[in-house]
Structures are given as C-alpha cells and as structure tokens.
Amino acid sequence: MNYKNATQILPQELLTQIQKYIDGEFIYIPRLSENKKPWGTTTTTQQELTNRNYNIYADYLAGFNIQILAEKYFLAEKTIQHIIRQLKND
C-alpha cells in the first residue's frame, strides 16, 4: 500500500471537508469493487502454497505420517489432514 499526500492529489475544498472529520491522521480509502483483485494475483503466494500442498501430499503418499508432516511443514495436524483430504478428492 502506498501513501499519498492528500494536498498533492485532492482539491482544496475536498481536503478541507475531510479535515473536519479526520485531521492529520491516516485514513484508508477502499478500492472500487470493480478494481479489486482476487487474493494472490499480485504475488507468488498462491502458487507457493499450492506447491507446498502438493509436496505435503507427495510426502504423505511416500509414507510420512500426519504428525511428522505437521512438524516438517510447521502446520497443525488438522491443517495437514485438510490438505490431504482436499488433494485426495481432486
């Protein structure tokens, strides 16, 4: 998220109105719904998690038990079970 100086982008009349409500503090202005991007589309996180999950499933098929996988991937056993169940059903 980038911060912009309101004095450089807003008309003075609008800036004065906003200052009546919030003076000298940060304010978040959300995106228009048509400009929102789905989660993970601007980073590699989504692909990294997919790769991790496939590695977990491959390790499971190779004989690693849930507890060992949880320790190896620093996840809860329930999370490992969920990932395995999800990939088993795909």
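The values are calculated or read from the model by the stated rules, or taken from the named source; none is laboratory data. Because the structure is a prediction, the values reported are computed rather than measured. All Cβ positions, glycine included, derive from the backbone under ideal geometry; neighbour counts span all protein chains shown. Surface areas here come from the heavy atoms of the whole protein model, side chains and all, with no ligands, DNA or RNA. Shrake-Rupley method; radii C 1.70, N 1.55, O 1.52, S 1.80 Å.
Brief remarks on what is shown
- On the chain, 53 percent of the accessible area sits on carbon and sulfur atoms, based on a 1.4 Å probe.
- The range 46-90 shape via C-alpha gyration tensor axes, a/c threshold 1.5: rounded
- Solvent-accessible area per residue, Å², over the chain with all protein chains present [probe radius 1.4 Å]: 88 Å²
- If the segment from Q19 to R31 were pulled out straight at 0.36 nm per residue, it would be longer than the present Cα-Cα gap by 2.2 nm.
- With contacts taken as Cα pairs under 8 Å and at least 6 residues apart, the chain reaches a relative contact order of 17 percent.
- Assuming charge only on the beta carbon of Lys and Arg (+1) and of Asp and Glu (-1), the dipole of the chain about its Cα centre is about 180 debye to the nearest 20.
- Where labels lie 7 Å past Cα in the beta-carbon direction, separation of Q67 and Y3 in nm: 4.9 nm
- Each listed q (0.23 Å⁻¹) maps to a log10 I(q)/I(0) for the chain, found by the Debye formula over equal Cα scatterers with no solvent: -1.13.
- Sparse-neighbour loop sites [trypsin sites (Lys or Arg not before Pro); the chain; at most 10 other C-beta within 10 Å; DSSP]: K4, R31, K36
- Shown for the chain: lysine pairs separated by 8 or more places, or found on different chains, whose C-alpha atoms are under 29 Å apart, numbering 6.
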